[in-house]
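Reading through the structure tokens given below for one structure.
The values are calculated or read from the model by the stated rules, or taken from the named source; none is laboratory data. Worth saying up front: this structure is predicted, and the values here are computed from it rather than measured. Backbone-built Cβ (ideal geometry, glycine too); neighbour counts: all protein chains shown.
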Amino acid sequence: DVLLEEAARRWADEYARDVVDRIRQHAGLEVETTIRGGPIGETIQAVAAEQGADLLVMSTHGRGPFSRTWLGSVADAVTRTSEVPVLLIRPDGEEAPDLATDIELRHVLIPLDGSTLAESVLETALSLGGGWDARYTLLRVVRYPTQTVSAYLPDTARMIEEKVREETAAADEYLSGQVTRLRELGVTVEGRVSVANSVGRGIIRHADEVAADMIALASHGRGGVRRAVLGSVADKVVRGAAQPVLVVRATGD
């Protein structure tokens, strides 16, 4: 229906002008708008490619009692397939976040797992946080086995404890190297090691404990459908964290 399409376009144009006015008022930035028709997720990524965008910023649309564990379908699809880093902002209750004023990145949590793939997030996270002169916490979560250890198998319990101690020491050494390197570049950064039954839940818990303003991590898609999946840890964090989450596709992924 032509009339319906024209009405939708007028509404979109008015909405876009209102957002632009708020951004200019609060941030003093130069902003332009683009209105397109088509499949939403695909069109967002097509425009990002045309514009040479460095970052996509999107609000998720979780609602109701399960809002912390649910992404809007568009945000979910874009996050899983985008070659451009995606910053996801979760609504506060039923109110959508004001992307013009609600983002303030003073403290950024960056989970690392010791791999160069995970380190792919560092450049984007440091660049984004630099606008607020942010400080950074590098986090390595050591997973503690969840299986119950029988009292009749004390050797097994000791082996698990020893393995966790070894992995914790290795994680601490790894983070110390990363912290030293970044401090030499003038970055305000510290390293933390945490032990948890779940790496994803450990990241979310630590983000809450240190009052992080953003979690930044690399996705780790694998196999023949890697363009359409997040790594399990990234997926858990994206769906469960209250903070904005920056997702960067791992270099070489």
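Select from region 168-206 the residues that are of a type in the set (A, V, I, L, M, F, W, C) and under 19 Å from Asp235 (Cβ atoms) and write down the one among them that is farthest from the chain's Cα centre (by Cα).
Ala196
For region 5-23, the set of residues classified as without any contact (Cβ under 8 Å) to a residue 40 or more places away in the chain and under 26 Å from the mean Cα position of the chain (by Cα) consists of Ala16, Val20, listed by residue number. The test for being within 13 Å of the chain's Cα centre (by Cα), in a helix (DSSP H, G or I), modelled with pLDDT under 90 and hydrophobic (A, V, I, L, M, F, W, C) holds for Ala75. The residues of region 149-194 that are at pLDDT 95 or above and outside any helix (DSSP H, G or I), listed by number, are Leu185, Gly186, Val187, Thr188, Val189, Glu190, Gly191, Arg192, Val193, Ser194. Sub-6 Å Cβ pairs linking a first residue in region 223-239 that is closer than 21 Å to Ile203 by Cβ to a second residue that is exposed (fewer than 13 other Cβ atoms within 10 Å of the Cβ) and modelled with pLDDT under 85, at least 6 apart or interchain, are Arg239/Thr69, ordered by first then second residue. Within region 109-148, the residues that satisfy the criterion of being modelled with pLDDT under 95, under 17 Å from the mean Cα position of the chain (by Cα) and not in a helix (DSSP H, G or I) are Asp113, Leu117.
What do you reckon, is Ala212 at pLDDT 95 or above, in contact with a His (Cβ under 8 Å, 6 or more places away or on another chain) and closer than 18 Å to Leu128 by Cβ? Yes; evaluated as a whole, the condition is true for this residue.
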